[in-house]
1. In region 45-54, is there at least one residue being under 21 Å from residue 132 (Cβ atoms), among the basic types (Lys, Arg) and outside any helix (DSSP H, G or I)?
2. From (1) buried (at least 16 other Cβ atoms within 10 Å of the Cβ); (2) in a helix (DSSP H, G or I), pick out the condition that doesn't hold for residue 63.
3. Identify the single condition in (1) crowded, with 17+ Cβ neighbours inside 10 Å; (2) farther than 22 Å from residue 31 by Cα that residue 116 does not satisfy, given that it satisfies every other one.
4. Checking the condition among the hydroxyl-bearing types (Ser, Thr, Tyr), farther than 25 Å from residue 9 by Cβ and touching a residue at least 40 places away in the same chain (Cβ under 8 Å), which residue from 98, 62, 156 passes?
5. Say whether the condition of being in contact with a strand residue (DSSP E or B) (Cβ under 7 Å, 6 or more places away or on another chain) and either within 30 Å of residue 8 (Cβ to Cβ) or surrounded by 14 or more Cβ atoms within 10 Å (Cβ to Cβ) (or both) is met by at least one residue in region 134-143.
6. Evaluate region 94-111: report whether one residue or more is over 20 Å from residue 28 (Cα atoms), of a type in the set (Lys, Arg) and not in a helix (DSSP H, G or I).
7. Quickly run through region 35-59 and pick out the residues that are in contact (Cβ under 8 Å) with a residue 24 or more places away in the chain and basic (Lys, Arg).
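None of the figures in this text is laboratory data; all of them are computed from the coordinates on show. What you see is a predicted model, and the numbers here were worked out from it, not measured in a lab. So basically every Cβ, Gly included, is an ideal-geometry build from the backbone, and we count neighbours across all protein chains shown.
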Amino acid sequence: MKFVKMKYSKPLLLLMFVLSWLSFPLIGKESIKRFLPAGLFISLIVTIEDVIARKRKWWWWYEKIIPNLSGIVPFLWGPFLIGSMWILKLTYGRFTLYTIINFFVDSIFTFFMVDWLKKLGIASLIRLPKYQLSMLFFVKSLLLYSFQYIKEKIQYTRY
């Protein structure tokens, strides 16, 4: 696949990371305490998934902020982590709404952002079709919600 490496790819990755974290305090102290464990859990799952994906060449990140670190890091520990917490904050307890919002956000990433990242020379799908990426996102959204549900069930049964 052909791509054009853009002059501003690294600053763009860094900007997405920083902008995500600027919204972090707006989540609210109680919501951060409530949803951060689930956000960290799913980010850890995606970190493991990325190791597998690189070995199997599902996708590739061409641009990296830190040379020996996967290019997914600014997305994963920026928009993905913070976005997961925002989605939980806004929809937790209303599973249908949670599923619809997740489907919408994941579809935007899968069907628009992936092409944009490829065009910018940041990343591209190699051996993973978009519909499979979409299914991976769906499974991860179920894992995220399940983690939060189990965490709260355990937390409230202890007290």
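1. No, there is no match, as no residue in region 45-54 is under 21 Å from residue 132 (Cβ atoms), among the basic types (Lys, Arg) and outside any helix (DSSP H, G or I).
2. It is condition (2) that residue 63 fails.
3. (1)
4. One residue alone meets the criteria, 98.
5. So in region 134-143, the residues in contact with a strand residue (DSSP E or B) (Cβ under 7 Å, 6 or more places away or on another chain) come out as none.
Scanning region 134-143, I find no residue that is in contact with a strand residue (DSSP E or B) (Cβ under 7 Å, 6 or more places away or on another chain) and either within 30 Å of residue 8 (Cβ to Cβ) or surrounded by 14 or more Cβ atoms within 10 Å (Cβ to Cβ) (or both), so the answer is no.
6. No; the residues of region 94-111 include none that is over 20 Å from residue 28 (Cα atoms), of a type in the set (Lys, Arg) and not in a helix (DSSP H, G or I).
7. 56, 57
Quick grid of which residues meet (1) farther than 30 Å from residue 153 by Cα; (2) of a type outside the set (Val, Ile, Thr); (3) touching a Cys at 6+ places or on another chain (Cβ under 6 Å):
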| position | (1), (2), (3) |
| --- | --- |
| 12 | yes, yes, no |
| 18 | yes, no, no |
| 21 | no, yes, no |
| 24 | no, yes, no |
| 54 | yes, yes, no |
| 61 | yes, yes, no |
| 66 | yes, no, no |
| 81 | no, yes, no |
| 84 | no, yes, no |
